[in-house]
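Below is one structure, written out as structure tokens; comments come after it.
Every number here is computed from the coordinates shown, using simple stated rules; none is lab data. Everything numeric here is computed off the predicted structure, so don't read it as measured data. Neighbour counts run over all protein chains shown; Cβ positions are idealised from the backbone, glycine included.
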Amino acid sequence: KKQLKNMRFVKFTLVGLIGVTLTFMSLGFFHPSFQYENTIEVDASVEQSYKTFTNDSLNAEWLPGFIGVEVLSGAPLVAGSRFLITFEQDGERMSMVEVLREVKENEKFIVAMETEVFMGSVAVYFEGDTQKSTVKVYTSIEGSTLFYRSMFYLLKGSLQKQSQLNYDLLKELIESN
């Protein structure tokens, strides 16, 4: 009898683990990608907002963990250019390749991103006048595997929140210049 109870426990535990795993993986299957938005209202001109955003020497001031950017091909602010962006968090380095898809001074800056674990895009739009500006950011992310798609879907809220914190730092930086 005791052996039968143990077998039943193992069976139900195994079924439970399979159920949890399938549920987790189904998230990535049904939600392979997701999008989110961030916005900042800045007490500075569109020109100042754009200039600060595109100044790579200031990236470390509003992107926590930013290490550097390396030009792989092309040139800064030229559509089609490729860059290697490196970050470090908790002692681990992460790099991503960014391709500048579209750029129009004081209006938009759109990049495609790719790492081993995800691909995506970030579209940044600048609106306003000589006194105030609005920076709207649309981010799209897709995990490279079913596991990462599921993981990123679960982390969507955290990713959006962290992005907003970064853009709030950008707002402070723009307004301080």
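Scan region 127-154 for residues that are over 11 Å from the mean Cα position of the chain (by Cα) and more than 29 Å from E47 (Cβ to Cβ) and report the count.
11
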Item to check | Whichever residue in region 79-89 is of a type outside the set (F, W, Y) and in contact with a Gly (Cβ under 9 Å, 6 or more places away or on another chain) and, among such residues, is surrounded by the fewest Cβ atoms within 10 Å (Cβ to Cβ) | outcome: Q89
Next on the checklist: Yes or no: region 64-78 includes at least one residue that is closer than 25 Å to Q160 by Cβ, of a type in the set (D, E), loosely packed, with under 15 Cβ neighbours inside 10 Å and out of contact with any helix residue (DSSP H, G or I) (no Cβ under 6 Å at 6 or more places or on another chain).
Outcome noted: no
